[in-house]
Amino acid sequence: MLQKKTLGQNFLHSPRILQKIVSAGEVAAGDTVLEIGPGDGALTAVILQTGASVMAVEKDRRLVPILQKKFARELTGGQLKLISADIIDLNLENLRLVAYGFKLIANIPYYITGEILRKFLGGPCQPSVMVMLVQKEVAERIIARDGKESLLSISVKCYGRPRLLGRVAAGNFQPVPKVDSAILIVENVSKKFFEGFSEDGFFRIVKAGFAHKRKQLAGNLRVLFPDIEKALEKTGLPNEIRPENVSLEKWKGILKVLHA
């Protein structure tokens with residue numbers, strides 16, 4: 001068995017779902033795609049069929065020679081570049097990627113989802129779009145499917161538009177994971193939301209606001225801003241509102257009022 005449990009590897013081999021992932025990113029000839037964790041190359045092969053150039057980063061060194069053999073022609077021709085490294089530790093400047101000049105497509109281990117989102121949404125080298133297989137419950141939290149926002153959902157929405165493209169049952173993977181997955185796409189990735197104010201300042205307030213989920217927003221933010229009720233009033237928010245009921249635009253409004 002190729003899969004390594006400690007790396008959270010679950011290989012997907014459903015042609016229909018693999019094609020759906022690539023189609024979601026509208027991958028076409030001329031595109032540059034960064035694939036994280038190609039595994040045994042099932043998704044890589046579908047991406048290469050579009051004519052796109054692929055940069056695949058694989059942490060598991062055991063898989064590298066397998067991928068080299070499987071894609072010898074694409075590697076020789078330059079359509080595929082294979083990098084043996086941990087994407088979390090990898091300096092993206094070394095990849096010579098241009099911000100918004102590449103698409104990120106990946107079937108990533110569940111345990112690095114948060115780190116991937118932070119690295120590629122909050123970092124200096126953002127992709128134009130992200131399409132990832134993630135744990136279903138995590139995808140649902142990101143899009144706030146239940147209507148309740150979270151630190152995670154706000155942290156993604158301020159950089160792009162997340163959408164859930166469908167559930168992927170655990171039985172489609174080998175080995176079979178204990179939970180279902182979902183295809184998550186983040187479109188229109190940019191930092192335009194932060195024009196005119198500090199990115200760090202925004203997250204400082206949002207993190208404080210979600211510090212105690214069961215407390216009202218005013219109670220959480222009073223630690224930083226003693227007159228927080230006045231700011232909420234100017235933003236049109238009631239004092240008793242909870243952070244989970246505050247939309248992204250309202251968070252932006254709070255920040256503007258506090259730093260006016």
Task: Residue-span extension gain [ARG96 to LYS192] - 0.36 nm each, minus C-alpha spacing - done: 32.3 nm
- [ ] Go through LEU121, LEU258, SER153 and say which Cα lies farthest out towards the positive end of the charge dipole of the chain; charges sit on Cβ, +1 for Lys and Arg, -1 for Asp and Glu.
- [x] SER153
Open item on the list: Suppose each label sits 7 Å from its Cα in the direction of the beta carbon; what would the TYR110-SER150 distance come out to in nanometres?
Closed with: 1.3
Open item on the list: When the expected Rg is taken as 2.2 N^0.38 Å, what fraction or multiple of it is the alpha-carbon Rg of the chain?
Closed with: 1.11
TODO: Have a look at segment 1-100 and give its Rg and Dmax from the Cα atoms, expressed in angstrom.
DONE: 13.2, 37
Task: Residue with peak Gaussian network fluctuation, the chain [Cα springs, cutoff 10 Å], from ARG141, ARG167, ARG222 - done: ARG222
- [ ] Diagonalise the Cα gyration tensor of segment 92-201 and give the resulting equivalent ellipsoid semi-axes, square root of 5 times each eigenvalue, largest first, whole Å.
- [x] 25, 18, 11
- [ ] Taking the Cα centre of the chain as origin, sum charge times position over the Cβ atoms of Lys and Arg (+1) and Asp and Glu (-1), and report the length of that vector in debye to the nearest 20.
- [x] 360
TODO: With both partners inside the chain, how many of the DSSP beta bridges are antiparallel, as a percent to the nearest 5?
DONE: 40
Open item on the list: Once each part is reduced to its C-alpha centroid, what is the distance from segment 27-60 to segment 99-144 in angstrom?
Closed with: 16
Task: Cα gyration tensor shape for segment 151-223, rounded if a/c is under 1.5, else prolate or oblate - done: oblate
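Quick note: the coordinates plus some simple rules give every number you see, no bench work behind them. No experiment lies behind these values; they were computed from the predicted model shown. No Cβ is skipped: glycine too gets one built from the backbone with ideal geometry, and neighbour counts run over all protein chains shown.
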